[in-house]
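Here is the structure we will look at, set down as structure tokens.
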């Protein structure tokens, strides 16, 4: 009985935290978007990200992160023209000390699928220029060797 009560409390807290709690900061945005994606509400996930860019006070880094996540959202939906618009915003004035992410393959691929091969090449070169900071960026050479 006690375990059932504790489980119910955790479940209620989870529902509140990831679905009803007002979005006021960056972690709220990411948590809500993730929870909505997990439960299959991709349409609401996008709304959370778009609304947060308009209504939540975010640092420049946080805004770039949300734009990056939106770009990935559009790429998953195969809307590559919108994806690259958000990727452009995400990587504008980006600091040089960021680590490799496996999703960078999706970023470059989105430019290619949007028929923007020159921009894909520039983005790839930008990523590869960071190999001295993170050797994992070399992983991008193989799938996109035709762009080099």
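Let a ≥ b ≥ c be the square roots of the eigenvalues of the Cα gyration tensor of segment 26-88; is it rounded (a/c under 1.5), or, if not, prolate (a/b larger than b/c) or oblate? Cα axes put segment 26-88 in the oblate bin.
Were the residues from residue 51 through residue 20 laid out at 0.36 nm apart, the gain over their Cα-Cα distance would be 9.6 nm. According to the square roots a ≥ b ≥ c of the eigenvalues of the Cα gyration tensor, what is the shape class of the chain, taking rounded for a/c under 1.5, prolate for a/b larger than b/c otherwise, and oblate for the remainder? Prolate, because a/c is 1.5 or more and a/b exceeds b/c. What is the helix-to-structure angle for 26-38, meaning the angle in degrees between its Cα long axis and the longest Cα principal axis of the chain, kept from 0 to 90 and rounded to the nearest 10? On a 0 to 90 degree scale, this one is about 90. Shown for 87, 127, 20: other C-beta atoms within 10 Å of each C-beta, ranked fewest to most, produce the order 20, 127, 87.
A full extension of the chain between residue 101 and residue 81 corresponds to an added length of 5.1 nm, given 0.36 nm per residue minus the alpha carbon distance.
Shown is the FRET efficiency for residue 3 and residue 38, computed with R0 = 22 Å from the Cβ-Cβ distance and rounded to the nearest 0.05: 0.35. From its DSSP helices (H runs of at least four residues, each -39,500 (n - 2.57)), the chain gives a residue-normalised ellipticity at 222 nm of -20000 deg cm²/dmol. Roughly what angle does helix 80-91 make with the longest principal axis of the chain, taking Cα atoms, 0 to 90 degrees, to the nearest 10? For 80-91 against the chain, the angle is about 90 degrees.
Scoring 64-72, 23-31 by mean Cβ neighbours within 10 Å over their residues and listing the highest first yields 64-72, 23-31. If R0 is taken as 22 Å, the Cβ-Cβ distance between residue 138 and residue 88 corresponds to a FRET efficiency of 0.35. Helix 42-55 sits at what angle to the longest principal axis of the chain, using alpha carbons and giving 0 to 90 degrees rounded to 10? Once rounded, the angle reads 80 degrees. Working from Cα pairs under 8 Å separated by at least six residues, relative contact order for the chain is 14 percent.
Every number in this text was worked out from the coordinates using simple rules, so none of it is lab data. Remember, it's a predicted structure, so these values are computed and weren't measured experimentally. Counting neighbours? That spans all protein chains shown, and the Cβs are built from the backbone with ideal geometry, glycine included.
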